[in-house]
Amino acid sequence: MLSLCQRAGGSCGACCGLYNRRDPSRAAVRAELARRTDALAPVPRTPEAFRAAAAALGADGPEPLFPSVRVCPLLGFLDAARTRVGCLAHPLATGGPDLRDCGVYDASICETFYCPSFSWLSEEEAALAEAACGDFHLYGLVVTDVPFLRAALAAVAARTRASVELRHLDHAPFRAALRRLLATKEELAPGSDGLFGAFRPAPDGGEAPRRIDYEAIGAERSAFDELLLCAGADPRSGNDLERLETEIERRLAGCVRAFPG
Ligand code: SF4
Ligand code: SF4
């Protein structure tokens, strides 16, 4: 089974509602995770105490952007350095009791849920995302949008005429350049298709096709359409298509320049 939620160099809390807020920036997300981690630290490891703490944290937390998508107040930082996001109610975090029933789902749902990326991503792609992203905030955005990661890697490969491999990321300038390209995901308007695209189901339960309506804005189809599409560049998402196109072109050129060959 692919390891995705917790890897040596990456951790994700997207399905616990990490980005479901009006301000999904790194600083705002970190502040909320720190608030929860600090508040839960002295709470007795009992269902009663954790349930009460979760209710209080949830009541004081930021408004969800999508009210129908749950935000669990038991997601926090797992490590002292506050680099790893994860479940503070998991037995590995509590030191014994499983307190996940005190969150917004129950322990059996938390234990058995696997997001769609588990069936789409290969181990190599997951390792590339882990090596390129550098921290939990970007890692969670990237591993939950497989088409975006693939489009970014394919766009680089098309220009360098070589597939991006893990060994290429040992070269720090290329790793930084690829991170800049992937970080487009962090700079989108709140609620844009690009941020939540991977979780947008069609009415029939399938995946809703994403498409930029160029006709509606009187623009030609971009040469970077696939990446822009995954980045949610449709102006109806609140993003500026031209600005994103220029940025992606610039960041792709940076990847090509830094590619170690
Ligand atoms: S969104 Fe997917 S990768 Fe992220 S924590 Fe949930 S199941 Fe794991
Ligand atoms: S209790 Fe479940 S939903 Fe809440 S943080 Fe833990 S794994 Fe996520």
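The values are calculated or read from the model by the stated rules, or taken from the named source; none is laboratory data. From a predicted model like this one, the values you see are computed outputs, not experimental measurements. Because the Cβ atoms are built from the backbone with ideal geometry, glycine has one as well, and the counts that use them run over all protein chains shown. These accessible areas exclude ligands, DNA and RNA; they are computed on the full protein's heavy atoms, side chains included. Shrake-Rupley method; radii C 1.70, N 1.55, O 1.52, S 1.80 Å.
Some points to look at:
- Full extension of the chain between Arg22 and Ile109 gives 28.7 nm of extra length, using 0.36 nm per residue less the Cα-Cα distance.
- Taking a Cβ cut-off of under 14 Å around Arg51, the surrounding Lys, Arg, Asp and Glu residues balance to a net charge of -2, with basic ones at +1 and acidic ones at -1.
- Cα gyration tensor shape of region 31-116, rounded if a/c is under 1.5, else prolate or oblate by comparing a/b with b/c: rounded
- Cβ-isolated cysteines (cut-off 4.7 Å), the chain: Cys5, Cys12, Cys15, Cys87, Cys102, Cys110, Cys115, Cys133, Cys230, Cys255
- Its Cα gyration tensor gives the chain an equivalent ellipsoid; the semi-axes, largest first and in whole Å, are 34, 21, 16.
- Degrees, to the nearest 10: 241-258 long Cα axis against longest axis of the chain: 80
- With Cα atoms, 0 to 90° folded angle of helix 146-160 axis to the chain main axis: 30
- The loop-placed trypsin sites (Lys or Arg not before Pro) in region 1-97, going by DSSP, that have at most 12 neighbouring Cβ atoms within 10 Å of their Cβ come out as Arg22.
- Computed over protein heavy atoms with a 1.4 Å probe, the accessible surface of region 26-68 works out to 55 Å² per residue.
- Arg82 sits among other residues whose Cβ lies under 13 Å from its own Cβ, and their net charge, with Lys and Arg +1 and Asp and Glu -1, is +1.
- Percent carbon-and-sulfur accessible area, region 104-181, ignoring ligands, DNA and RNA, probe 1.4 Å: 55
- Degrees separating the helix 26-40 axis from the principal Cα axis of the chain, which is the longest one: 10
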